[in-house]
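Enquirer: Take this structure, written in structure tokens, and hold onto it; I'll ask about it next.
We did not get these values from a lab; they are worked out from the coordinates using the rules stated. No experiment lies behind these values; they were computed from the predicted model shown. Here the Cβ is made from the backbone with ideal geometry for all residues, glycine too, and neighbour counts use every protein chain on show.
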Amino acid sequence: MRYTRLFGKTSKTAPHDADSKNARLLVQAGFVDQLMAGVYTYLPLGLRSLEKVKGIIREEMDAVGGQEVLMPALHPKEPWEQTGRWEDPGPEVMFRVQGRGGKQYGLGWTHEEIITPLAKKFIRSYKDLPFAAYQIQDKFRNEPRAKSGLLRGREFSMKDLYSFHCDEEDLDRYYEEVSQAYLRIFGRCGLKAIVTEASGGAFSKYSHEFQVLTESGEDIIFHCPTCGYAQNREVSEYRAGDKCPKCGGTMEEGKAIEVGNIFRLKTRFSEAFGVNYTDAAGSEKPVLMGCYGIGPSRVLGAVVEVLSDDRGIIWPKELAPFSVHLVLLPAKDEGVTQDLITAADALYQELRDHGIEPLYDDRPDVRAGEKFTDADLIGLPLRLVVSERLQAEGSVECKERTAADALIVKRDDVLGEVQRFLAD
């Protein structure tokens, strides 16, 4: 992608109403545009990174046997009345709309009321179990305090997986399998997530959140840095300085961002919709369920909160919208500049021919300082610079976003150097 053709550009100034690092950097770097509080348009850079988060999630959900579906976002009120959630939490959470003839609908903020009666159509006996279905879809929540950029929105991307089982033993087995998949997802996104006990509500004693420690976090957790055991403050039996119940270490307090959660729903929704199966002995029993959520947009915001510095974003390789930022530095002499353009164009095409995604800053009238500032703000993993001095030496400058110094690489070796960097 040539920067001159890119829809969405960097801004020299941060948005005046940005209340978080991810909101400020993502808007300023040209990844998203705020339509209103809690609602964002994803520009090409932001959409590419969001889709890469979703791609990682799909790979890991498929690996644990999840089958992808896509359910409606517009819901009739009847299934929500059947579970009692049309009124509780009802209007506090769900956006409601009225259609023709006064018929009432709601915009989905979760999908238990849709997936459960859907599953009922296909479950007859124990031979149909277990199975798991997931979707990645925008959800809508009547958030009273939409803030913190992508971390607390009124419209947001969500992956929700639902699993269906014969008994608690099988549910527990799959619950742990998904938990491990979640840790792989967050690790691939550059985040170190802590599995944190939280309230299970009406479903079980505990659910589990996946929390990422950061000073900008809205949640407070008590965690053991020795073994990783953690509880959310809202349900915690411990305080900072207490002995860890698992390993005897010392519990610490920390701010964190929740990036995912998992629940054992058990029979809460299957009983509401009469979802039963016939066991091997011919007896009818209720199906047990599990629910597993990750917000791809929230993950994206958390990555920016955690992986950034005073110059801009630092994208992990798997999430960067482009792998390489190719920067052309024009010369004072127009003829020399044309030679540099030819050289940079050739390198751009070579990278593309080998399956490498470059963002090419081909602006002919922007000085080096501004281009480097924009490159740091956008935060791609590797920067390549074509300049008059280096061109005369037959070389290109290579600099990792996190490195203090750049390397000077012979032009013929640039492709191999980029491939090695991306493969590490």
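Enquirer: What are the residues whose amide H is under 5 Å from the amide H of Asp138, where those residues sit 5 or more places off or on another chain and H is modelled from the backbone?
Expert: Under 5 Å from the amide H of Asp138: Met158.
Enquirer: To the nearest 10 degrees, how steeply does helix 368-378 sit against the main Cα axis of the chain, on a 0 to 90 scale?
Expert: Result, in degrees: 10.
Enquirer: DSSP loop (so not H, G, I, E, B), at most 10 other Cβ within 10 Å: list which GluC sites (Glu not before Pro) in region 154-222 pass both filters. Please report the intermediate quantities before stating the final value.
Expert: Working: sites: Glu155, Glu168, Glu169, Glu176, Glu177, Glu197, Glu209, Glu215, Glu218; in loops: Glu215, Glu218.
The qualifying sites are Glu215.
Enquirer: Report ³J(HN,Hα) in whole Hz for each residue of region 384-394, in order, from the Karplus equation J = 6.51 cos²θ - 1.76 cosθ + 1.60 where θ = phi - 60°; Gly and Pro get x.
Expert: For region 384-394, the Karplus curve yields 10, 10, 10, 9, 4, 5, 5, 4, 5, 8, x Hz.
Enquirer: If you don't mind, another one. Order the peptides 310-321, 347-358 from the highest to the lowest mean number of other Cβ atoms within 10 Å of their residues.
Expert: Going by the mean number of other Cβ atoms within 10 Å, highest first, we get 310-321, 347-358.
Enquirer: Pick out, from Tyr182, Tyr277, Gln82, the residue whose Cα sits farthest towards the positive end of the charge dipole of the chain, with +1 on the Cβ of Lys and Arg and -1 on the Cβ of Asp and Glu.
Expert: Toward the positive end, the furthest listed residue is Gln82.
Enquirer: What trypsin sites (Lys or Arg not before Pro) in region 159-268 are in a loop by DSSP, with at most 12 other Cβ atoms within 10 Å of the Cβ?
Expert: Hits after loop and neighbour filter: Lys192, Lys205, Arg239, Lys246.
Enquirer: Provide the descending list of Cα extents for region 324-423 along its principal axes, expressed in whole angstroms.
Expert: Result, largest extent first: 38, 28, 22 Å.
Enquirer: Calculate the FRET efficiency for Phe122 and Glu400 from the Cβ-Cβ distance with a Förster distance of 51 Å, rounded to the nearest 0.05.
Expert: 0.55
Enquirer: Tell me, how many Å apart are the Cα centres for region 243-269 and for region 93-147?
Expert: Between the Cα centre of region 243-269 and that of region 93-147, the gap is 26 Å.
Enquirer: While we're on this one: Starting from the Kirkwood radius over alpha-carbon pairs of the chain, derive D by Stokes-Einstein at 37 °C in a medium of 0.692 mPa s and give it in µm² s⁻¹.
Expert: 137 µm²/s
Enquirer: When a footprinting reagent is the concern and you count Cβ atoms within 10 Å, what order do Phe269, Phe203, Phe7 take, fewest first?
Expert: Phe7, Phe203, Phe269
Enquirer: Then there is this: With viscosity set to 1.567 mPa s at 4 °C, what whole-number translational diffusion coefficient in µm²/s follows for region 62-181 from Stokes-Einstein and a Kirkwood radius over Cα pairs?
Expert: 81 µm²/s
Enquirer: For the chain, give me the percentage of DSSP beta bridges that are antiparallel, rounded to the nearest 5 percent.
Expert: 80 percent
Enquirer: Counting other Cβ atoms within 10 Å, keep those with at most 13, restrict to DSSP loop, and tell me which GluC sites (Glu not before Pro) in region 360-424 are left.
Expert: Within region 360-424, the qualifying GluC sites (Glu not before Pro) (loop, at most 13 other Cβ atoms within 10 Å) are Glu393.
Enquirer: Still on this structure: Which far-off residues, 5 or more places away or on another chain, put their amide H under 5 Å from the one on Tyr277, with H placed in the peptide plane?
Expert: Lys285, Val287
Enquirer: If you don't mind, there's one more thing I want to ask. Which one, Phe156, Ile114, Val64, is farthest towards the positive end of the dipole of the chain when Lys and Arg carry +1 and Asp and Glu -1 on their Cβ?
Expert: Farthest along the dipole direction, towards plus: Ile114.
Enquirer: Round to the nearest 10 and give me the degree value, 0 to 90, for the angle of helix 414-423's Cα axis relative to the longest principal axis of the chain.
Expert: 20 degrees
Enquirer: In terms of modelled amide H atoms, which long-range or inter-chain residues lie less than 5 Å from the amide H of Arg383?
Expert: Amide H to amide H, under 5 Å and 5 or more residues apart or across chains, Arg383 pairs with His325, Lys399, Glu400, Arg401.
Enquirer: What is the dipole size for the chain, taken about its Cα centre, with +1 at each Lys and Arg Cβ and -1 at each Asp and Glu Cβ, in debye to the nearest 20?
Expert: Value, rounded to 20: 800 debye.
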